[in-house]
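Take a look at the structure set out below.
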Amino acid sequence: MHHTSLIATIVAGLGLAFIFGALANRLKLPVLVGYLLAGVIVGPFTPGYVADQELAPQLAEIGVILLMFGVGLHFSVKDLMAVRKIAIPGAVAQITAATLMGVGLAVALGWGWGPGVVFGLALSVASTVVLLRALQERRLIETDRGRIAVGWLIVEDLAMVLALVLLPALSGALGGVATTSASGGILGAFALTIGKVAAFVAFMLIVGRRVIPWILHRIAHTGSRELFRLAVLAIALGVAFGSAALFGVSFALGAFFAGMIMAESELSHQAANETLPLRDAFAVLFFVSIGMLFDPMVLLREPLAVLATVAIIVLGKSVAAYFIVVAFKRPRSVALTISVSLAQIGEFSFILAGLGVSLKLLPPEGRDLILAGAILSILINPLLFAWLDKAMVKVSAREAPAPVAAAAQPHAVLVGYGRVGRTVAEGLKNRTPLVVIEDEVERAAELREAGYEVVQGNAVRPEVLMKAGLDKATHVFVAVPSPFEAARIIEQARAANPDARIIARAYTDADVELLSQMGATEALIGEQEIARGMLQRAPRRQPPPAAH
């Protein structure tokens, strides 16, 4: 029955994740708790069915690839370069601080400083999936805070790729097994890794930038949505696999660059939509696979060591990151977001731990502590983000500017300045006083330069709506793409101003029903408005000629 293990693993993983995720949601807990519990249940440390322990992590890796590909679609080379001055030194300093804390704990446990380096490195790197899911849920990916967090994550990824190459060469010096790769020398291994990464980046910027958009446009011209979806998935997975096989970089980094190159195409939005369902499904399998690795008995065998490990991940890393960001004179809102984002560990931590054990650098109990720290930090992280959401209300209130001048008179409020919002703003600019609410820092600055009155912040927060003078607004245009986010904004806007006309953007009839229930005066579906515009331009029926 081995040939059924793939199907059984997917069915068991997704089925139990759904059941326990729904139960966690019912109990007002993060759904990640349910996914992790599902993994523990199908893991080897609990009785009953045991899922394939080799297949599950590989399926989870697909989720990581698609997730990083999706982030790349919303990123650009310009965005990456814009945050390099804080992301590179910040990530390096935070990795150093966390590694030193890990070395200190390892020495206290009697392992020595060599194993401590591996242990500390494993505790220093955040999980790609956990971080990006949290940022996406809060629509932070395209904000200044989100770009710094993603840039920081990319630097950590590169640092761990380098660590995985150098560890075998350093194994003998650190007290582990000396490998044949050490004969090339540490400098040789370092130079080879840097050279491969540089070659990959150059290849993607020179060749990939021309080939990937060309392929997408050619497939789009066929008119086949099925072929387009297949092309997007083939590019994402193919580039990720090729980058690892040919250049030695991680799947995640390769997928990120593929998405970033594809973002320069006009079809990037459609590409993101096509990969969304698969991305979410395989991301769930990532959390299930982590749960499978967890042995609950370690909590009883080493309770103090587990507590110290979690403290380094959740408190030590967070405090270090907070002060690093503040040292770069960034706002407290950015410092808090980065510190909470990094308060967990994940996939690279497991790879480092496995390599450390195989080189006899890290004792098996070290791997157990890393797994326990990963599980517990991933469980704690959503709670930290919930606290951050509340803390940001106070921080934003102190950092945000005073209400804009237009808020003192009857005016219109526009929420979101994307493709739809831009058209609305241009149409309203000379018709009525207008206040634009925009979360993205650079876009808000561009709006101010263009002569708009802007409130920078997330309109989900009540204080941002009030700074836009919602109590005196005659019209509120909600142009954000997410119907769930729009529903929260509309609910608060209606409570603050029962008389305002609220016009919202929708995609489906279900969206229209939801937004109307929340208080929207009117919700418009793009396809319907296009159809009306076409009909207005259609030839009218000519009256019959008059009889002579």
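Keeping all protein chains in position, work out how much accessible area THR423 exposes to a 1.4 Å probe, and write it in Å² to the nearest 10.
For THR423, solvent-accessible area is about 90 Å².
With labels modelled as points extended 7 Å from the Cα through the Cβ direction, what inter-label distance (nm, one decimal) is found for ASP389 paired with GLU449?
It is 3.4 nm.
Could you pull the accessible area for TRP111 with a 1.4 Å probe, rounded to 10 Å²?
50
What span do the alpha-carbon atoms of the chain cover on each of the three principal axes, reported in whole Å from largest to smallest?
104, 56, 49
What's the longest bit of the chain with no exposed GluC sites (Glu not before Pro), using DSSP loop states and at most 14 other Cβ atoms within 10 Å as the test?
Numbers: sites that count: GLU54, GLU264, GLU266.
Counting at most 14 other Cβ atoms within 10 Å as exposed, the longest clean stretch of the chain is 267-548.
Using 0.36 nm per residue, how much length does the chain from THR96 to LEU187 gain when fully extended, once their Cα-Cα distance is taken away?
Separation in residues times 0.36 nm, less the Cα-Cα distance, equals 30.8 nm.
In segment 55-131, what is the volume of the convex hull around the alpha carbon atoms, normalised per residue and reported in Å³?
Details: hull volume 8.9 nm³, N = 77.
Here the figure is 116 Å³ per residue.
Around LEU414, which amide H atoms from residues at least 5 apart in sequence, or from another chain, sit under 5 Å from its own amide H, with H modelled in the peptide plane?
Residues meeting the amide H criterion: VAL435, VAL436, ILE437, PHE477.
Net charge near ASN497, counting Lys/Arg +1 and Asp/Glu -1 over other residues with Cβ under 9 Å of its Cβ?
Taking every Cβ under 9 Å from that of ASN497, the sum is 0.
Per 5 Å bin from zero, what fraction in whole % of the C-alpha pairs of segment 424-503 is there, up to the bin with the longest pair?
Per 5 Å bin, starting at 0, the Cα pair percentages come out as 3, 15, 27, 28, 19, 7, 1.
Starting from the Cα gyration tensor of segment 200-289, multiply each eigenvalue by 5, take the square root, and state the resulting semi-axes largest first in whole Å.
21, 19, 10
With Cβ to Cβ distances under 10 Å as the rule, what net charge do the other residues near LEU515 carry (K, R +1; D, E -1)?
Summing Lys and Arg as +1 and Asp and Glu as -1 gives -3.
Keeping all protein chains in place and using 1.4 angstrom, which order do TRP152, TRP387 fall into by accessible surface area, from largest down?
Details: TRP152 0, TRP387 130 Å².
Result, largest first: TRP387, TRP152.
Want the number for ASN25 to ARG301: 0.36 nm per residue separation, take away the alpha-carbon distance, what's left?
96.3 nm
So what J values fall out for segment 131-138 if you push phi through Karplus, 6.51 cos²θ - 1.76 cosθ + 1.60 with θ = phi - 60°, rounded to Hz, Gly and Pro as x?
Per residue, the Karplus-derived 3J(HN,Hα) values read 4, 5, 4, 5, 5, 5, 4, 9 Hz.
Please compute the modelled spin-label separation between VAL11 and ALA538, points set 7 Å along Cα→Cβ, answer in nm with one decimal.
Distance between the two pseudo-spin positions: 4.9 nm.
Short version: what are the Cα gyration tensor semi-axes of segment 479-548, square root of 5 times each eigenvalue, largest first, in whole Å?
Numbers: eigenvalues 286, 38, 14 Å².
The equivalent ellipsoid of segment 479-548 has semi-axes of 38, 14, 8 Å.
Cross-link list LYS78/LYS329; LYS317/LYS390; LYS78/LYS467; LYS390/LYS429; LYS196/LYS317: which exceed 27 angstrom alpha carbon to alpha carbon?
LYS78/LYS467; LYS390/LYS429; LYS196/LYS317
Please report the net charge: other residues with Cβ closer than 11 Å to the Cβ of ALA372, K and R +1, D and E -1.
Details: positive: ARG301, ARG367; negative: ASP295, GLU302, GLU365, ASP368.
Neighbour charge sum, excluding ALA372 itself: -2.
How much length, in nm to one decimal, is gained on full extension between ASN430 and ILE88, taken as 0.36 nm per residue of separation minus their Cα-Cα distance?
118.7 nm
Could you sort TYR507, TYR35 by accessible area so the largest value comes first, with the probe set to 1.4 Å?
On the way: TYR507 95, TYR35 35 Å².
Ranked from most to least accessible, the order is TYR507, TYR35.
Please give, to one decimal in nm, the separation of the simple spin-label points placed at ARG488 and ALA198, each 7 Å out from Cα toward the Cβ.
4.5
Tell me the trypsin sites (Lys or Arg not before Pro) within segment 311-367 that lie in a loop according to DSSP and have at most 14 other beta-carbon atoms within 10 Å.
Here the trypsin sites (Lys or Arg not before Pro) that fit, given the DSSP loop and packing criteria, are LYS329, LYS360.
Please list, ordered by chain and number, the residues whose modelled amide H lies under 5 Å from the amide H of ILE502; skip anything fewer than 5 residues away on the same chain.
Residues meeting the amide H criterion: VAL476, THR521, GLU522.
The values are calculated or read from the model by the stated rules, or taken from the named source; none is laboratory data. Keep in mind that this is a model prediction, so the values were computed, not measured. Using ideal geometry, Cβ is built from the backbone for each residue, glycine included, and neighbour counts are taken over all protein chains shown. Areas reflect the complete protein model, heavy atoms only, side chains present, ligands, DNA and RNA absent. Shrake-Rupley method; radii C 1.70, N 1.55, O 1.52, S 1.80 Å.
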